[in-house]
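Quick notes on the structure that follows.
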Amino acid sequence: MALVVQKYGGTSVGTVERIQAVAQRVKRTVDAGNSVVVVVSAMGKTTDGLVKLANEISTNPSRREMDMLLSTGEQVSIALLSMALQQLEQPAISLTGAQVGIVTEAEHSRARILRIETDRLKRHLQEGKVVVVAGFQGISSTNDLEITTLGRGGSDTSAVALAAALQADYCEIYTDVPGILTTDPRIVPDARLMAEITSDEMLELASLGAKVLHPRAVEIARNFGVPLVVRSSWSDEPGTWVMSAAPKPRSLEGLELSRAVDAVEFDTDQAKVSLLRVPDQPGVAARLFGEIASQKLNVDLIIQSIHEGNTNDIAFTVVKDSLKQAEAVASAIIPALCGGVPTSDAEVMVEQKIAKVSISGAGMIGRPGVAAQMFSTLAAAGINIQMISTSEVKVSCVVDAADCDRAIAALCAAFELTSSPLSQVAGVRSQEPGEIDQGIGDRGSGVESLRPPSPIPYPRSPISNHSLPPVRGVALDLKQARLAIRHIPDKPGMAAKVFQLLASQNISVDMIIQSQRCRVVNSVTTRDIAFTVAQMDAEAARQALQQAAPELGWGEVVVDPAIAKVSIVGAGMVNQPGVAARMFLALAQERINIQMIATSEIKVSCVVAEADGARALQTIHAAFELSGSEKIQVPA
């Protein structure tokens, strides 16, 4: 007999008829010999209606009273579902988050789960009852026993946390679509259903706006090895499995307060190629990386920042053995990129003595200060950052090779990670057995990571990167704005000051790009930094940064809210040349100009004009042949 946790969203329990259908499904699961815990959201648009009522009463309702109000929505649905199960002669009991023992931080509207006291749950399950739990809510650990809510994705988070605490056999997330799709079916109706996806890929897609699963839920599943499947509420299709590697044993105390960073990674086999002052027009990145791919050269980091005027800079890294060939390709293509006319402005620069250092961890999602802490740590060690590239679960910096060991030691200390000695002996880094694993998650040779070896993922048949298609999904985010800070002094600590300032305002940053072009302003060497934030945070970020400009010495802060970020994600793109080039070519053929580029090992993101966003998604999806044979219908 299996223990199963099932979660049903608001649409799935939006009417009496749908609640009865859910009860039938739960009853079938029990009749198959399983014990079942059900987590449900508020019915339909109930939460929206409660928010509207609050705003009619108060222009600025307190977060505590909002939690008290919004928590009532789930109480309606759990009681009705329990009644529906009892009507089917299935014993059931409904429990609020407090009654079930979901203990959280005393942080209204965005609490994280500290622990789940499972004694009552287990007692009811042993009595043969289905336990119907209110998602999205808990109770504080303080003596006041405050009702708290978990914020966005709270019901997903509740369900996976319960599955982890109960050591359930698996957790089913029931939703409007038949599983996890290659993209948003409202924009691309022939998006294809995936049978399985890795938790790392799902984290990237979830963080990019794929609304099927919230990143917090995926993070818990990954941390505790919870087998997770996403299925349709309207059919018996098998859905999509989200597979996580079996994790190291960890305490359930502080369940959702996992480390923001769980690994420091580094790669000393990197060299950098920069193309400065190339035309800022569609097709430039496609031609450059198409030629790079034709030479079978594997590229790791790619960044493209923004500049005044009609030129731009593109920088990328390759393994050192490929540097001469990459430099030759870049130099040869400059005249073509500049319209066949040689120019004294465009140039190619190379740098051999570099290293890439990275922090990674699912816990950094939605935590504004993590990147700032990395930059501050490097600044305190006197280490200047040459390149920055980010994803939802990783921040990478290129530094001088001579600074690599100090950077690793400082980052491990800052994020409280255990590292082995990193003394250099005859070109080989010494290590203690089991502490440094070669090549996990990074491209190329010479990559090391302070992370345990990956065991076999769930289900039983393991997936290797070599068996995966290069791209699993394409995501579009239309809710970001771009900020650019001009003329930041090029010295250690400046990036830290920028992002500490934003973190102090509780503003999360997504893409971060540091330009390769230096300018001298008032005898000071400067660079630009561009980054994206949520549109609702853009003006607050601009004001904070502009206010600090006179003291910290940077120039104008420019905001562009009319952008879209389109991204490809796939563990199979590791060590496969040409994936980024294929994306850039698809955009170039549609005459869509790329404004920014950032990459990680399993993701490539481009910022384009907001008006081009949906078309960019559609053309990239088609370019990677991700379409299925059936059109996916999303219920209203």
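The values are calculated or read from the model by the stated rules, or taken from the named source; none is laboratory data. Everything quoted here is computed from the prediction, not taken from an experiment. Quick reminder, even Gly has a Cβ in these numbers, built from the backbone with ideal geometry, and neighbours come from all protein chains shown.
Structure above, values below:
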quantity: Residues satisfying the stated conditions in region 494-530, i.e. in contact with a strand residue (DSSP E or B) (Cβ under 8 Å, 6 or more places away or on another chain) and in a helix (DSSP H, G or I); calculated: Met494, Ala495, Val498, Phe499, Leu502
quantity: The lone exception for Lys27 - which of (1) assigned to a helix (DSSP H, G or I); (2) in contact with a Ser or Thr (Cβ under 7 Å, 6 or more places away or on another chain) it fails; calculated: (2)
quantity: Count of residues meeting criterion [surrounded by 21 or more Cβ atoms within 10 Å (Cβ to Cβ) and either on the phi < 0 side of the Ramachandran plot or out of contact with any Ser or Thr (no Cβ under 6 Å at 6 or more places or on another chain) (or both)] in region 167-191; calculated: 15
quantity: Selected residue (only one of Ile93, Ile78 is aliphatic (A, V, I, L, M), within 25 Å of Ser12 (Cβ to Cβ) and touching a Leu at 6+ places or on another chain (Cβ under 8 Å)); calculated: Ile78
quantity: Test for Ala401: is it in contact (Cβ under 8 Å) with a residue 12 or more places away in the chain and closer than 16 Å to Met494 by Cα; calculated: no
quantity: Test set (1) among the polar types (S, T, N, Q); (2) free of Cβ contacts under 8 Å to residues at least 60 places away in the same chain; (3) in contact with a Cys (Cβ under 8 Å, 6 or more places away or on another chain) - Ser251 fails condition number; calculated: (3)
quantity: Glu74 crowded, with 19+ Cβ neighbours inside 10 Å and of a type in the set (Asp, Glu); calculated: yes
quantity: Given (1) within 19 Å of the chain's Cα centre (by Cα); (2) buried (at least 21 other Cβ atoms within 10 Å of the Cβ); (3) not basic (Lys, Arg), index of the condition Leu257 fails; calculated: (2)
quantity: Ile93 closer than 28 Å to Tyr170 by Cα, in contact with a His (Cβ under 8 Å, 6 or more places away or on another chain) and surrounded by 15 or more Cβ atoms within 10 Å (Cβ to Cβ); calculated: yes
quantity: Lone unmet requirement of (1) polar (S, T, N, Q); (2) within 23 Å of Met387 (Cβ to Cβ); (3) modelled with pLDDT of 90 or more for Ser515; calculated: (3)
quantity: Options Gly340, Gly363; residue that is assigned to a helix (DSSP H, G or I) and either out of contact with any strand residue (DSSP E or B) (no Cβ under 7 Å at 6 or more places or on another chain) or modelled with pLDDT of 90 or more (or both); calculated: Gly363
quantity: Residue satisfying all of: in region 160-190; under 20 Å from the mean Cα position of the chain (by Cα) and part of a helix (DSSP H, G or I); nearest to Thr619 (Cα to Cα) among these; calculated: Val160
quantity: Candidate set: region 319-333, residues that are of a type outside the set (Gly, Ala, Ser) and surrounded by 19 or more Cβ atoms within 10 Å (Cβ to Cβ); chosen: the one nearest to Val273 (Cα to Cα); calculated: Leu323
quantity: Criterion: in a helix (DSSP H, G or I) and either more than 24 Å from Ala534 (Cα to Cα) or at pLDDT below 85 (or both) - qualifying residue of Thr390, Thr377; calculated: Thr377
quantity: Restricting region 611-635 to residues that are loosely packed, with under 14 Cβ neighbours inside 10 Å and acidic (Asp, Glu), the residue that is modelled with the lowest pLDDT; calculated: Glu630
quantity: Total residues in region 515-552, condition hydroxyl-bearing (Ser, Thr, Tyr) and surrounded by fewer than 12 Cβ atoms within 10 Å (Cβ to Cβ); calculated: 1
quantity: Those residues of region 509-530 which are in contact with a Leu (Cβ under 8 Å, 6 or more places away or on another chain) and not charged (D, E, K, R), in sequence order; calculated: Val509, Gln516, Ala530
quantity: Of residues in region 201-233 being farther than 12 Å from Gly179 by Cβ and over 14 Å from the mean Cα position of the chain (by Cα), the one modelled with the lowest pLDDT; calculated: Asn223
quantity: Matching residues in region 35-49 - criterion: being surrounded by fewer than 17 Cβ atoms within 10 Å (Cβ to Cβ) and either in contact (Cβ under 8 Å) with a residue 12 or more places away in the chain or part of a loop (DSSP other than H, G, I, E, B) (or both); calculated: Lys45
quantity: Any pair with Cβ under 6 angstrom, 6 or more apart, that starts in region 119-141 at a residue that is among the polar types (S, T, N, Q) and ends at one that is in a helix (DSSP H, G or I); calculated: Gln137/Ser71; Gln137/Gly97
quantity: Test: residue in region 14-21 that is modelled with pLDDT of 95 or more, under 17 Å from Ser235 (Cβ atoms), among the acidic types (Asp, Glu) and exposed (fewer than 14 other Cβ atoms within 10 Å of the Cβ); calculated: yes
quantity: Subset of region 126-158 [of a type in the set (Ser, Thr, Tyr) and either more than 23 Å from the chain's Cα centre (by Cα) or surrounded by fewer than 21 Cβ atoms within 10 Å (Cβ to Cβ) (or both)]; calculated: Ser140, Ser141, Thr142, Thr148
quantity: Among residues of region 170-193, those that are over 18 Å from His214 (Cβ atoms) and either of a type in the set (A, V, I, L, M) or without any contact (Cβ under 8 Å) to a residue 40 or more places away in the chain (or both), counted; calculated: 4
quantity: When residues of region 569-607 are limited to those that are of a type in the set (Val, Ile, Thr) and not in a strand (DSSP E or B), the one farthest from Thr390 (Cα to Cα); calculated: Ile592
quantity: Residue tally, condition assigned to a helix (DSSP H, G or I) and more than 27 Å from the chain's Cα centre (by Cα), over region 531-562; calculated: 7
quantity: Among the residues listed as Ala623, Ala548, the single one being farther than 24 Å from Val278 by Cβ and touching a residue at least 24 places away in the same chain (Cβ under 8 Å); calculated: Ala548
quantity: Long-range neighbours under 7 Å by Cβ, at least six apart or interchain, first residue closer than 23 Å to Leu50 by Cα within region 74-88, second assigned to a helix (DSSP H, G or I) and of a type in the set (A, V, I, L, M, F, W, C); calculated: Leu80/Ile19; Leu81/Ile19; Leu81/Val22; Leu81/Ala23
quantity: Subset of region 96-123 [over 23 Å from Ser12 (Cβ atoms) and in a helix (DSSP H, G or I)]; calculated: Ala98, Asp119, Arg120, Lys122, Arg123
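Conditions (1) of a type in the set (Phe, Trp, Tyr); (2) surrounded by 14 or more Cβ atoms within 10 Å (Cβ to Cβ); (3) in a loop (DSSP other than H, G, I, E, B); (4) within 33 Å of the chain's Cα centre (by Cα), marked per residue:
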site	(1), (2), (3), (4)
Gln6	no, yes, no, yes
Ala23	no, yes, no, no
Lys52	no, no, no, yes
Asn60	no, no, yes, yes
Ile78	no, yes, no, yes
